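The values are calculated or read from the model by the stated rules, or taken from the named source; none is laboratory data. In this text the structure is predicted, and so the values were computed from the model without any measurement. For neighbour counting, all protein chains shown are included, and Cβ atoms are generated from backbone atoms with ideal geometry for every residue, glycine included. Keep in mind that these areas ignore ligands, DNA and RNA; they rest on the heavy atoms of the full protein, side chains included. Shrake-Rupley method; radii C 1.70, N 1.55, O 1.52, S 1.80 Å.
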Amino acid sequence: MEEENFETLAIRLQAERTQYKEHSVPLYLTSSYKFDDAEDMRALFANEKEGNVYSRYANPNTTELIDKMAVLEGAETGWVTASGMAAIFTTLATFLKSGDHVLSSRSVFGSTHQLLNNVFAKWGITYTYADLDKPEQWEKGIQPNTKMIFVETPSNPGIDIIDLEWLAKLAKQHDVLLAVDNCFATPYLQQPIKLGADISIHSATKFIDGQGRTLGGVILGSNKLIKEIEGFARHSGPAMSPFNAWLLSKSLETLAVRMDRHCENALKVAEFLESHASIKRVMYPFLTSHPQYEIAKKQMKQGGGIVTMVIEGGVEAASAFMNKLKMFSISANLGDTRSIATHPATSTHSKLTEDERLQVGIEQGTIRLSIGLEHINDILEDIKQALA
């Protein structure tokens, strides 16, 4: 396609039409495929020709989603998985072996912390944490056996930011892979591959789906790296279903307009909360008070749909606020059309110790708000009455 605008590509890129000339891509609910003859089957399994052999490996719907995501983020290709955590696990497991070391941002999702702390530790893989807001820690954290740098930016739920161009140059100097969890930003707001990252990962469950309907993970990178991921994933089996891929590909068509509204609403919420006497701290990338505001403005199109606040009064005040909400949903999810409130210390990050939570800015009064697409007046009114 000659069009280069994100919105047009997200809508118009799709699988080749069948003989039925459908306008919307069909759903390919098949586990397997028919071969023309014995030689065709042999050649496909020998990778001597391209084609589908089994939907755990590839399916027209998953292929379309991969192709669209790769174009939108500026990657050569990608792979899709059953969930965002499957994408993170697959990426780490593909490139790490016993004796290797990972340098990770301290502020990672709770399940990512569990992978590093419990699962990979049993396999002899070690990790070190560095703080996104302390660049001096990163070069010091690289060890002779470091094979990967892994970061979330913006982080969950602290909304910490790191300069990806700077970090990519550091990774290349040390011949280390840089993998970025780009879940909060989506390809519309931030494109880590174009900023120098080797791998970009998404929980498509969140903003890419955008309606709380389905699960999915996406891994994007070079042909060489994704070939290695494919080799691991084809046999370990974290496959995305054709139906979920079909849903997510259709969701991409509205990603830009949805994110524009998420970001517009979230900024107004953040500005309101920053002036409220009951709020101790507000974290949002496009607030001028954010410590990495200039970096966020440089590498993100807008600030995203997540606002994290710390309410005065600790867990009691946080619970009271959440219990008084009328329109907001209390849920562990985010990126939905519906506004959601989450208390990370007792849900998404509850498996961390209190000290580990405090190190990444999660206090007992921390509340993560996923700002939805409702009218901003209704969103603000619900927050105001819950704080009263």
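Residues of region 218-241 that are surrounded by fewer than 22 Cβ atoms within 10 Å (Cβ to Cβ) and of a type outside the set (G, A, S): N223, K224, K227, E228, E230, F232, R234, H235, P238. Against the numbered list (1) part of a helix (DSSP H, G or I); (2) open to solvent by 50 Å² or more (accessible area, probe 1.4 Å); (3) more than 28 Å from M85 (Cα to Cα), W246 comes up short only at (3). Residues in region 147-183 that are polar (S, T, N, Q) and open to solvent by 10 Å² or more (accessible area, probe 1.4 Å): N156, Q173. A266 satisfies every condition listed in (1) open to solvent by 20 Å² or more (accessible area, probe 1.4 Å); (2) out of contact with any Lys or Arg (no Cβ under 6 Å at 6 or more places or on another chain) except (1). Being in a loop (DSSP other than H, G, I, E, B) and touching a Gly at 6+ places or on another chain (Cβ under 8 Å) is the filter here, so list the residues in region 31-78 that pass it. Residues satisfying the conditions are Y33, R56, A75, E76.
Condition check ((1) among the small types (G, A, S); (2) more than 30 Å from P60 (Cβ to Cβ); (3) assigned to a strand (DSSP E or B); (4) at pLDDT 95 or above) across all residues:
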site: K250; (1), (2), (3), (4): no, no, no, yes
site: C263; (1), (2), (3), (4): no, yes, no, yes
site: A266; (1), (2), (3), (4): yes, yes, no, yes
site: F272; (1), (2), (3), (4): no, yes, no, yes
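With respect to (1) open to solvent by 50 Å² or more (accessible area, probe 1.4 Å); (2) in contact (Cβ under 8 Å) with a residue 60 or more places away in the chain; (3) among the small types (G, A, S), the lone exception for S275 is condition (2). Taken over region 162-182, the criterion of being part of a loop (DSSP other than H, G, I, E, B) and either among the charged types (D, E, K, R) or touching a Pro at 6+ places or on another chain (Cβ under 9 Å) (or both) is satisfied by I162, D163, D175, N182. For region 23-38, filtered to residues that are farther than 13 Å from E64 by Cβ and surrounded by 10 or more Cβ atoms within 10 Å (Cβ to Cβ), the residue that is nearest to the chain's Cα centre (by Cα) is L29.
For the residues K122, K97, K68, the requirement of being under 21 Å from the mean Cα position of the chain (by Cα), basic (K, R) and either under 19 Å from G237 (Cα atoms) or modelled with pLDDT of 95 or more (or both) singles out K68. Each residue in region 96-108 was checked for being open to solvent by 30 Å² or more (accessible area, probe 1.4 Å) and either part of a helix (DSSP H, G or I) or closer than 20 Å to L167 by Cα (or both), and 1 pass.
Among P192, P187, which is the only one that is part of a helix (DSSP H, G or I) and crowded, with 22+ Cβ neighbours inside 10 Å?
None of the others qualify; the one that does is P187.
Do we have any residue at all in region 331-353 that's among the polar types (S, T, N, Q) and in contact with a His (Cβ under 8 Å, 6 or more places away or on another chain)? No: region 331-353 contains no residue that is among the polar types (S, T, N, Q) and in contact with a His (Cβ under 8 Å, 6 or more places away or on another chain). Of the candidates T91, T62, the single residue that is surrounded by 15 or more Cβ atoms within 10 Å (Cβ to Cβ) and within 14 Å of S241 (Cβ to Cβ) is T62.
In region 109-125, what residues are open to solvent by less than 40 Å² (accessible area, probe 1.4 Å), part of a helix (DSSP H, G or I) and β-branched (V, I, T)?
Residue satisfying the conditions is T112 alone.
Residues in region 251-262 that are within 20 Å of T205 (Cβ to Cβ) and either touching a His at 6+ places or on another chain (Cβ under 7 Å) or surrounded by fewer than 21 Cβ atoms within 10 Å (Cβ to Cβ) (or both): 4 in all. With respect to (1) at pLDDT 95 or above; (2) on the phi > 0 side of the Ramachandran plot, the lone exception for L103 is condition (2).
Where helices (runs of 4 or more DSSP H) fall wholly inside region 284-386, the ranges with 2 or more residues that are at pLDDT 95 or above and open to solvent by 30 Å² or more (accessible area, probe 1.4 Å) are 293-299, 314-324. Are any residues in region 126-144 within 24 Å of P291 (Cα to Cα), touching a residue at least 12 places away in the same chain (Cβ under 8 Å) and not in a strand (DSSP E or B), and if so, which ones? D131, L132, D133, P135, W138, E139, G141, listed by residue number.
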